[in-house]
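What follows is one structure encoded as structure tokens, with my remarks underneath.
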Amino acid sequence: MVNVLQSKRESSRFQILVEIAAHQPNLRQKEVADKLGVTPQAISEYIKELVADGLVTTDGRMRYSITKEGVEWLLENAAELKRYARVVMEEIISHVSVWTAIAESDLAEGERVSLEMRNGLLYANRREDIEASGTVIASVCAGEDVGVSDLKGMISLEEGRVTLCKVPRVQMGGSRGIDLAILKRQLSGERMVGCLGVEALVALRKAGREPDVLFGAKEFAVEAAYHGISSLVVSVDEQIPSLLTRLESEGLKYELVDLTLD
């Protein structure tokens, strides 16, 4: 069980910290109390605890700010909640959910089929060496989308890895300030490639590669990793910290490559 779900106290602390982070430095305690279903006095006591624990600071005039430790605590617990939600969605609710797969042969309603993930897509087939299986909800032809329910077993999926290539801002040289040979080596594999920033786009073009994803590269990298697809994201340096924070909060594996010339 996730820590913040184990008691009303921990849940309230988490929600109050979220409200402080969202509305700092001004926090309307009565509005927070109404949201949480507790009294304003209770909110005041919780905030005192958060201040005492070093998660929140105050100037003594009802103005509050979340500390660096508070942000880290919030991220840690939010990531834990997300992992728990993923387990619930993918492993616990799966037997009452309908999953969509690609049929690799003609399949009949009620037929028991094997399920496997390849290149980020779920396939339904009649292989007997696959652990995961489900029941076809309606007859389909090969190549069509098929609904599968009553999932049993685990769908084998190894998380993808994200490689980040850092490009300096234009003030520091931009695409002219990188080691192009290193970038070309990183691009030699068969990975999906994303791009953040004009400097990164130009660097990729100099290396002879157009990005697969030009907008939304952060979400692309995360989703691709969860679907077992490794990716490479070339990014201007000012975007790197937020991307690293996102990957770390998701618990994903990554490698950072600095392309800046020495």
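Structure data summary
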item	result
Loop-located GluC sites (Glu not before Pro) in the range 157-262, at most 12 other Cβ atoms within 10 Å (DSSP)	GLU158, GLU190
Theoretical ellipticity at 222 nm over the chain - DSSP helices of four or more residues, -39500 (n - 2.57) apiece, nearest 500	-11000 deg cm²/dmol
Burial ordering of THR39, THR57, fewest other beta-carbon atoms within 10 Å first	THR39, THR57
Choice from GLY160, GLY251, GLY216 with maximal GNM fluctuation in the chain (Cα, 10 Å cutoff)	GLY216
For GLU104, net neighbour charge (Lys/Arg +1, Asp/Glu -1) across residues whose Cβ lies under 15 Å away	-3
Amide hydrogen neighbours beyond the local backbone of MET192, cut-off 5 Å, H modeled	LEU232
Sorted by Cβ neighbour density within 10 Å, fewest at the top, the residues VAL167, VAL136	VAL136, VAL167
Sparse-neighbourhood loop sites, trypsin sites (Lys or Arg not before Pro) in the range 1-73 - DSSP loop, at most 15 other Cβ within 10 angstrom	ARG28, ARG61
Of ALA221, LEU259, TRP99, farthest towards positive along the dipole that unit charges on Lys, Arg, Asp, Glu beta carbons give the chain	LEU259
Cα-based equivalent ellipsoid, the range 1-135: semi-axes from gyration tensor eigenvalues, Å	48, 14, 12
Under 5 Å, built H, 5+ apart or other chain: amide partners of ILE229	GLY160
Most mobile listed residue (LEU252, LEU50, LEU75) in the chain, GNM with C-alpha springs under 10 Å	LEU50
The chain - Kirkwood radius from inverse mean 1/r over Cα pairs (Å)	21.9
Dipole-positive endmost among ILE43, ILE182, LEU122 within the chain (Cβ charges, Cα centre)	ILE43
Long-range amide H partners of GLU144 with built H, under 5 Å	ALA103
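Any read-out appearing in this document is the output of simple, stated calculations on the displayed coordinates, not a laboratory observation. Since we're looking at a predicted model, the values are computed, not measured. Using ideal geometry, Cβ is built from the backbone for each residue, glycine included, and neighbour counts are taken over all protein chains shown.
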